[in-house]
1. Near the amide H of Phe135, under 5 Å away, which other amide H atoms are found, from residues 5 or more places off or on another chain, if H is placed in the peptide plane?
2. Express the C-alpha Rg of region 101-174 as a ratio against the empirical globular expectation 2.2 N^0.38 Å, rounded to two decimals.
3. Taking +1 at the Cβ of each Lys and Arg and -1 at the Cβ of each Asp and Glu, which of Ile551, Tyr152, Leu709 sits farthest along the dipole of the chain towards its positive end, judged by Cα position relative to the Cα centre?
4. At q = 0.10, 0.12, 0.17 Å⁻¹, what is the base-10 log of I(q)/I(0) for region 1-143 according to the Debye formula with one equal point scatterer per Cα and no solvent? Please give it to two decimals.
5. So who's got an amide H within less than 5 Å of the one on Ile110, skipping anything under 5 residues away but keeping other chains? H placed 1.01 Å off N, in plane.
6. For region 510-655, what does the relative contact order come out to in percent, with C-alpha contacts under 8 Å and a separation of six or more?
7. With a bin width of 10 angstrom, please list the P(r) values of region 527-576 as percents of all Cα-Cα pairs, from the 0 bin to the one holding the largest distance.
8. For region 256-339, what is the convex hull volume of the alpha-carbon atoms per residue, in Å³?
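The values are calculated or read from the model by the stated rules, or taken from the named source; none is laboratory data. Bear in mind that the values here come from a model prediction, so they are computed numbers and not experimental data. Here Cβ is always computed from backbone atoms with ideal geometry, including for glycine, and neighbour counts include all displayed protein chains. With ligands, DNA and RNA removed, areas are computed over all heavy atoms of the protein, side chains included. Shrake-Rupley method; radii C 1.70, N 1.55, O 1.52, S 1.80 Å.
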Amino acid sequence: MKKDWRVGVEKQFELLSNLIFEHKYIVFISMLFMVFALASNIPKITFDTSTEGFLYKDDPVIVEYDAFRNQFGRDEKIIIAVKTKDVFDSEFLQKLFKLHEEIEAKVPYIKEVNSLKNARKTTGNADALIVDDLFQDGDEKNQNLIENIKTYASANPIYKDLYINSDATFTTIMITTNTYTSINESQSSVDNFSEGFEDDFADADEESSKEVLDFISVGETNEMILKIEEIIETYKDDNFKIYDAGSPIVTKNLQSTLMADMSKFILYIILTISILLFLMFKRIGGIVLPLLVVIFTLIATIGSMALAGSPITSMTQILPSLLLAVGVGASVHLLSVFYQHFNKTGDKKASIAYALGHSGLAIVMTSVTTAASLSSFIYSDIAPVSALGLFSALGVIFALFLTIILLPAMLAIVPMKPHEHEEEEEHNGILDKTIDALGNFSINHPKMVVSSAVLLITVSILFTTQMQFSHNPLHWFKKDNTVRINTETIDKELRGSISIEVVLDTGKENGVYNPEFLNAIEEVTKTIYTYKGENYFIGKIVSINDVLKEIHKALNENRDDFYVIPQDPDLIAQEFLLFENSGSDDLEDIVDSQFSKTRLSIKAPWVDSIEYVQLLDDIEVLLADKFGKDVKVSITGTLPILSTTIVKSIKSSIDSYTIAFAVIALLMVLLIGNFKLGLLSMLPNLTPIMFGVAFMVVFDLPLDMFTILIGAIAIGMVVDDTIHYMHNFKRYYTQTNDVDESIRLTLHSTGRAIFITSIVLSSGFFVFMFASMTNLFNFGLITGVTVLMAMLTNLTVTGSMMKLTIKKDK
């Protein structure tokens with residue numbers, strides 16, 4: 001009954017082939033129309049490499065982050081650090097201020113620019129509170145005045161590691177971008193003083209709020225950064241060394257590197273596939289036709305992404321290369337059988353029918369298992385990973401239809417002649433001798449082969465306990481990359497370039513005036529400063545207390561002993577009122593208009609976000625203990641998003657692996673028609689996956705956002721070879737009832753295609769080793785090695801299992 005089922009399906013594929021052959025031109029034109037209809041959407045494709053882009057827009061972490069930005073503005077600042085011999089040198093300051101002014105005048109989408117030029121200086125006299133800029137016009141030209149200013153700046157705790165480093169050899173220009181896009185002109189008034197007082201939006205119409213709250217676009221941010229880079233390039237010299245950093249800089253460079261690498265990878269993979277196809281088929285058609293299939297697959301998939309509004313991200317950038325490498329496998333299997341039959345008979349129609357009947361079911365099953373494995377990512381909590389799962393699975397389905405329908409039509413249309421002596425040449429080559437040797441080894445030493453696979457899996461499981469998790473987009477750049485060097489320099493000299501933002505909501509109007517609340521902020525600030533990890537430290541904490549202590553000191557004859565928090569709420573209210581009346585708008589970035597909520601900004605270095613997971617937990621516990629239920633605490637910002645991303649990635653990957661293995665095991669049982677053999681067939685698929693784990697541990701490669709995907713991606717690919725092997729083995733065993741002979745016949749008919757497709761697949765991933773970013777290098781290396789190991793196990797372990805299992809069943 002099982003035999004009849006399979007034979008019936010194969011017969012249907014032969015009938016489909018004849019139908020395609022009779023209507024080849026209609027089929028060809030129809031498929032092209034479908035592809036190019038989807039391709040018309042490609043110009044709409046967008047890119048998103050932002051930190052928040054890793055999570056869904058409705059993720060609670062992003063919702064909280066958006067609420068923070070609506071209230072206090074954008075936390076991601078662009079930092080321009082300048083190294084010199086002495087920051088307080090007149091000539092240097094004149095040049096620094098000129099740069100400051102040029103950025104203000106020429107760079108679009110900027111809310112404000114801050115440096116020593118306009119750093120807040122709060123003083124007082126008997127009559128008033130005076131809040132002014134640190135430098136007045138022309139002060140930078142008078143060295144005597146500069147010395148006085150230097151004395152004040154060096155003693156000001158707010159300036160330290162914010163505007164100047166400890167030895168006054170580094171200073172900064174900090175650029176705050178507009179929070180909202182300029183595309184909506186009605187928003188232009190929001191990016192001024194009222195940006196810090198967004199409470200009025202709470203009762204606004206929901207649709208209107210959505211229009212108002214469109215954040216600054218990636219394109220606008222990149223345009224701004226390009227202009228900044230153009231300006232600072234003209235200022236660089238030996239005594240004016242410039243380092244630009246900040247998450248917008250990292251994001252922009254990730255995107256530009258992504259785009260450059262994508263183009264390079266596509267070119268390299270097409271070239272690699274072409275060479276390997278030529279070596280296998282030695283025909284122009286054997287190169288061009290499979291390439292057309294995978295290129296059309298890629299075009300249709302990218303067009304679908306654009307149609308769905310899904311951007312290309314740092315994760316989905318691997319999609320084109322993945323589809324090119326994976327998609328060609330089915331074509332290779334089909335063409336391999338077709339050319340063998342065509343060289344014997346010279347009958348094109350019969351050869352296409354034979355090839356589709358012989359391999360059609362296996363191609364469908366391999367495509368379904370690959371798509372099922374990749375689609376396991378759809379349920380990921382990481383938005384780009386989910387998109388990768390959805391569109392890679394869709395791409396595999398596109399490749400299936402194009403292979404089953406378009407490829408036979410193209411074979412029917414393209415004129416060709418049989419190669420009469422090719423069959424004899426093929427089976428006398430080094431490749432066939434190697435495959436025969438592997439086959440004989442698996443037949444003669446089945447226990448040794450299977451035991452070795454089980455031992456490898458066992459050892460690899462032990463290795464998993466030593467794996468290191470990582471998520472550090474900065475370290476995706478190589479050590480000599482300018483962005484990485486600049487960021488690490490600023491982290492070292494100015495103690496941090498990335499932030500944790502804490503919002504404390506008292507829930508009461510004027511609740512911030514409460515001295516107990518402010519005292520609690522002071523206590524948690526001191527405690528957080530003591531937190532330190534292996535590679536991180538707390539560089540700077542800025543809160544409303546800094547402003548209040550500055551005001552209180554100024555109003556008390558500028559005496560240092562008054563740099564404290566007043567304990568009278570009425571006095572606190574009066575001092576803040578005086579500050580607002582002084583003309584300064586600095587409070588808008590720290591407190592809301594009702595003085596019910598305030599912000600605590602914690603600056604830290606950009607290190608692996610996995611290190612910050614414990615820190616964030618400690619901060620959360622500390623704040624909960626100190627403020628209790630009376631104050632609503634929200635922890636947000638770029639750094640918490642990065643940490644949340646890796647935590648959710650680990651959890652989601654476990655789910656994805658479970659789904660992938662379960663679905664593929666079920667499909668293998670259904671395909672083989674035997675529960676025991678179906679489960680055992682997972683051994684040659686599990687072995688290379690676990691080998692990849694051991695490889696990572698031995699070579700100290702981290703389990704990051706990319707390498708964590710390898711298992712589910714690889715299982716979907718390597719199972720294809722097992723399906724082709726088992727499909728043909730069962731066919732030959734039914735005919736011969738001889739296990740040894742069936743293994744040899746399977747390797748002669750399928751082993752060659754398994755070898756070539758594995759080389760193509762591994763080469764497609766090894767191409768990632770030419771990437772500009774280390775994460776892609778690691779991803780390509782590990783996946784390529786895993787695919788080669790899968791080829792070896794499929795050519796040996798699968799046959800050995802059949803030898804042992806079927807022998808015992810007799």
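1. Excluding prolines and chain starts, which carry no amide H, the hits are Ala119.
2. Here the answer is 1.20, to two decimals.
3. Leu709
4. Here the Debye-derived log intensity ratios amount to -0.71, -0.86, -1.10.
5. Excluding prolines and chain starts, which carry no amide H, the hits are Asn178.
6. Numbers: 139 pairs, mean separation 43.0, N = 146.
Computed value for region 510-655: 29 percent relative contact order.
7. With a bin width of 10 Å, the distribution comes to 23, 39, 23, 13, 2.
8. Numbers: hull volume 6.8 nm³, N = 84.
It comes to 80 Å³ per residue, whole-number rounded.
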